1. Show me the trypsin sites (Lys or Arg not before Pro) within segment 544-589 that DSSP assigns to loop and that have at most 10 other Cβ atoms within 10 Å of their Cβ.
2. Measure nothing fancy, just the Cα-based angle from helix 237-246's long axis to the longest principal axis of the chain, in degrees from 0 to 90, nearest 10.
3. One-quarter of the Cα convex hull surface for segment 145-244, in nm²?
4. With a cut-off of at most 10 other beta carbons within 10 Å, and DSSP calling the residue loop, which GluC sites (Glu not before Pro) in segment 407-483 qualify? Please list them.
5. Excluding same-chain residues fewer than 8 positions from Lys472, which lysines have a Cα within less than 30 Å of its Cα?
6. Modelled label-to-label distance, Thr561 and Leu611, 7 Å Cα→beta-carbon offset: nm?
7. At 7 Å along Cα-to-Cβ for each site, give me the label-to-label distance between Ala667 and Arg141 in nm.
8. Considering Cα pairs under 8 angstrom that are at least six residues apart, work out the relative contact order of segment 150-235 and quote it in whole percent.
Amino acid sequence: MRTHTTTAATTAATTTAATEGTIAAVRNLGILAHVDAGKTTVTERILYLTGTTHKRGEVHDGTTVTDCHPQERERGITIFAAAVSCAWAGHRINLIDTPGHVDFADEVERSLRVLDGAVAVFDAVAGVEPQSESVWRQAERHGVPRIAFVNKLDRAGADLDTAVADIRERLHPRPLAVHLPIGAEESFTGVVDLVRLRALTWDDDGTLHEGPVPAGLEAVAAERRRALEEAVAELHPDALEEFCAHAALGADTLTAALRDLTRTGEAVVVLCGSAYRNRGIEPLLDAAVAYLPSPLDVPPTRSADRTQQREADPRQPLTALAFKVTAAPTGRLTHLRLYAGTLHKGDTVLDTTTGRRERVARILTDLAHRHTETDSARAGDIVAVVGPKHTRVGATLCDAEHPIVLEAPVSAEPVVTVAVEARRTADTDKLAAALARLAEEDPSLRVATDPETGQRTLSGLGELHLEVAVEKVRREAGVEAVVGRPRVALREALVEGVTGFTYRHAKQDGGAGQFAHLVLDVHPLPEDAEEGFAFTSTVTGGRVPREYVQAVEAGCRDALTEGPLGGHPVTGVAVTLTDGATHPKDSSELAFRTAARLGVREALRASRMHLLEPLAEVSVTVPEDALGAVLGDLAARRGHVRATEPGPGTTAQVSALVPLAELFGYAGRLRGRTQGRGTFTTRPAGYAPAG
């Protein structure tokens, strides 16, 4: 009889292998795209095919799972990033459907912070649209590997080759198309999989059939496959070795090389289909599993100060990042990405941002607004938890014995402000509480009270952003809010400064006095400067001690919070401390900081300044017969038209730079001038002198 002895080492090795196998089967993915490219429809088809839902949700019917908020269903766009979990081919996929409108770009930013990979969806007719480019760059900045899905191949004017060329020219990756469409426009029925040289076709009901390449496409498919092999061999050493030896690449080698190139960002795999007609989703899921990374394939997460790192291992100390908070009146959900360790229901964790200990009462897996309770979560998971009361977006939750602070997502600075007050005085406190909840959920919304007028203000990333926020207050808090005309965030900039500006601060009021003497040069910064303020000191001989120099820099920064033209923040200023003097008893850091603040403000009054206003890059798609009216309206709004090009069908696309303050109410004006057929998108484009 044979006996089997299990040693501790064998058990540990088996456990480790099982753990790594489980985590290797996880994919944390985002769906990224421009408005109306089909992100939400792609997500809905994924949920249906994976058996997560039993009915296909439709955006136009308001029956989608991820666009579950009433405002999303009414407006037909994604506003809030929604997480869902599903399973495919033995893998667990945690999917986040992100907004495509620029006003909600901060939702995309927070999602990308916790994702390992992404699917970028493009419209086969429109190609790379403005927000497609924006979210692509966001993913690039976070180092998130992507695959591309060219959607809507069934539309008139759809062309895969044109979309791939657009991706190459505007996004600058190396796009590698692994699909060849079967049929075009209305007759689009499937694709040729160039990796395995097979045809995938779909019936009208979405049933998938696999078969040989159609006779009429064999030559084209062979040519495309050869071009794909050559492109991959050029980029991948192992593929090049096999290509040189056999003059061809096997399907397995090609798949492995595409996986490596995707994860390093050297190339982007491009697939195609029509999500609305249920064509192309199965190969998209297969590609996401095959090419995009698991939590084990990405580098270990590191602390904000780069001194600690944690592997994606359930046995390491718990490390999780809160990337979304849903603060409803009925309860509070904190959405977490677990980078290391295991979290159990009932655990007490440390919030290193606040120093508080928080108890996790429940752990939930996401399906947008519906949740399933589970007893634990482990490294690589994305879950929601109930219990933490003070945890904010960007907070790190960890093991109290092994504290760590992860780098938080960076929130965009708001550029549009409105005054908000309750219609009824009795609702003032309810409005304040509702606005505080909004800011807790969305860090890109800022709530403040104007010290001069006493008005409560709400600031955000755009007009639609604020409109959605105020409507949310009305619906969820039952408060009717009165909104004033939006005000944009102006800046003041230095045009011509002063040299040798002397400021003497002397104050004597009975006790220890204050004395500081400064000589400052105040000049504009170069236009290409990365920061809006620079400080240097050329003082020698100890005339101003080092600790006082630091106080002078702090005082200069204080002075730039309010400029002389209208109390707006000042940017583009270089201050040099050239000389100074101290008093043996009355000089102090406070005295020098005060002197710097007051001195720089006087220097700015003596300088030549101008006012800056935020600009928006506007992309307008209009019928050709309305082009003249639209161009005239943009000119009336002080817009600078940069390009006018033919668009899909009988439309034209206009690109212009327009002062943000002039865009309020533009949506209604555009609809009126184009009989509802015109659309536009905007994105921030920096500041320019107000005209």
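1. Lys585
2. The angle comes out at about 30 degrees.
3. In nm², the orientation-averaged hull projection of segment 145-244 is 7.7.
4. Listed in order of number, the matching sites are Glu452.
5. Lys472 reaches Lys39, Lys55, Lys324, Lys389, Lys430.
6. Result for the modelled spin labels: 2.3 nm.
7. For Ala667 paired with Arg141, the spin-label model returns 2.4 nm.
8. Numbers: 100 pairs, mean separation 17.3, N = 86.
Relative contact order comes out at 20 percent.
The values are calculated or read from the model by the stated rules, or taken from the named source; none is laboratory data. Computed from a predicted structure; not experimentally measured. In this analysis, Cβ positions are derived from the backbone assuming ideal geometry, glycine residues included, and neighbour counts consider all displayed protein chains. To get the accessible areas, we keep the full protein, side chains included, count just its heavy atoms, and leave off ligands, DNA and RNA. Shrake-Rupley method; radii C 1.70, N 1.55, O 1.52, S 1.80 Å.
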